[in-house]
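K.L.:
Right, I'll just put the structure down here and ask away after.
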Amino acid sequence: MKRCLCIIPARGGSKRIPHKNIADFKGAPIISYSIKAVQASGIADEIMVSTDDQAIADVALRYGAKVPFFRDASTANDTAGVAAVLVEVVNEYRKLGMEFEYVLAVYATQPLLKPENLVKAFEQLSTTEGAESICTVEAYSYPPQRATIIDENGELKQLHPENYYARSQDLQKIYHDSNQFFLFKTYALLRDQKLYTEHTLPFILAESESQDIDTPEDWRLMEMKYDLIHGNHK
């Protein structure tokens, strides 16, 4: 059994940002940053890109990842979850006679990914008794307990009016998935077939260290954060 399989899900059907996963980011296909970060971390025995798109496969191969098979049609549509993709890949590798103790899932559009964070996460998961997976998260910058909604009359209402007088520092800190990477013990991924297994640890990132990309505005925010981290303020 090998130690760790890295899977980079990269479907070809992005609508809001065409070919998002291989679009140019600061002079290189954005997926190349994820591949290079995993390579630099040294924690993965195999780095593969799960895709249904030949252009993405070509870029992945050019940067040193593998594409031993293409994604099944059932996991190549808008509704397929990432966990289903990961399970599919693990099972396909099993058919090839390859077993892995850990599965690392890295998103294709994360040029802020730090190799040292992958190393820290792997050490944390492999040394923490009872832990089965790790998820990157960041804290909400504004307390969700103070959220407001617009009701059917078009009026603004508090979602949780009982928190009107509560101080922000007294409210429980709430986190959300930062969509950078997940790390699993393979048995737990296959058992639960979810991104959050029964015993998941948080890997907390600052808001400046991560940016999910769904819209062109998100892309610009990613560029700004990248420039901030790398000292490019042009």
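The values are calculated or read from the model by the stated rules, or taken from the named source; none is laboratory data. Not measured: the values here are computed from a predicted model. In this analysis, Cβ positions are derived from the backbone assuming ideal geometry, glycine residues included, and neighbour counts consider all displayed protein chains. These area figures cover heavy atoms from the full protein model, side chains too; ligands, DNA and RNA do not enter into them. Shrake-Rupley method; radii C 1.70, N 1.55, O 1.52, S 1.80 Å.
K.L.:
Does the stretch 1-30 hold any residues that are under 16 Å from the mean Cα position of the chain (by Cα), assigned to a loop (DSSP other than H, G, I, E, B) and of a type in the set (D, E, K, R), and which are they?
P.N.:
The answer is ARG11, and nothing else.
K.L.:
Among the numbered criteria (1) within 23 Å of MET1 (Cβ to Cβ); (2) crowded, with 19+ Cβ neighbours inside 10 Å; (3) of a type in the set (D, E, K, R), which single criterion is violated by GLU138?
P.N.:
(1)
K.L.:
Let me ask something else. Specify which of the listed residues (GLN124, GLN145, GLN180) is of a type outside the set (D, E, K, R), outside any loop (DSSP other than H, G, I, E, B) and either more than 23 Å from ILE43 (Cα to Cα) or at pLDDT below 95 (or both).
P.N.:
Result of the check over GLN124, GLN145, GLN180: GLN145.
K.L.:
Let me ask something else about it. Name the one entry in LYS225, LYS173 that is over 15 Å from the mean Cα position of the chain (by Cα) and open to solvent by less than 60 Å² (accessible area, probe 1.4 Å).
P.N.:
So the residue among LYS225, LYS173 that is over 15 Å from the mean Cα position of the chain (by Cα) and open to solvent by less than 60 Å² (accessible area, probe 1.4 Å) is LYS225.
K.L.:
Is there a residue being outside any loop (DSSP other than H, G, I, E, B) and among the acidic types (Asp, Glu) anywhere in the stretch 77-84?
P.N.:
No, the conditions are met nowhere in the stretch 77-84.
K.L.:
A further question follows. When residues of the stretch 185-211 are filtered for being in a loop (DSSP other than H, G, I, E, B) and open to solvent by 50 Å² or more (accessible area, probe 1.4 Å), how many remain?
P.N.:
Count: 5.
K.L.:
In addition: Check THR127, THR109 and return the single one that is surrounded by 22 or more Cβ atoms within 10 Å (Cβ to Cβ) and of a type in the set (Val, Ile, Thr).
P.N.:
Answer to the check: THR109.
K.L.:
So, one more: In the list LEU183, LEU221, LEU228, which residue meets the criterion of being closer than 16 Å to LEU125 by Cβ and either of a type outside the set (S, T, N, Q) or touching a residue at least 60 places away in the same chain (Cβ under 8 Å) (or both)?
P.N.:
Of the residues listed, the single one that is closer than 16 Å to LEU125 by Cβ and either of a type outside the set (S, T, N, Q) or touching a residue at least 60 places away in the same chain (Cβ under 8 Å) (or both) is LEU183.
K.L.:
Something else about it: Here is a list: TYR33, TYR93, TYR102. Which entry is at pLDDT 95 or above and part of a strand (DSSP E or B)?
P.N.:
TYR102
K.L.:
What pairs come out if I take residues in the stretch 154-173 that are over 17 Å from SER141 (Cα atoms) and pair them with residues that are assigned to a loop (DSSP other than H, G, I, E, B) and charged (D, E, K, R) whose C-beta lies under 8 Å away, six or more apart or interchain?
P.N.:
As it stands, the answer is LYS157/ASP151, since those pairs meet every condition given.
K.L.:
Let me ask something else about it. Going through GLU101, GLU132 one at a time, which residue ends up being on the phi < 0 side of the Ramachandran plot, in contact with a Lys or Arg (Cβ under 6 Å, 6 or more places away or on another chain), open to solvent by 20 Å² or more (accessible area, probe 1.4 Å) and among the charged types (D, E, K, R)?
P.N.:
GLU101
K.L.:
Determine which member of the set ALA44, ALA28, ALA40, ALA65 is open to solvent by less than 60 Å² (accessible area, probe 1.4 Å) and farther than 21 Å from GLY97 by Cβ.
P.N.:
Going through ALA44, ALA28, ALA40, ALA65 in turn, the sole match is ALA28.
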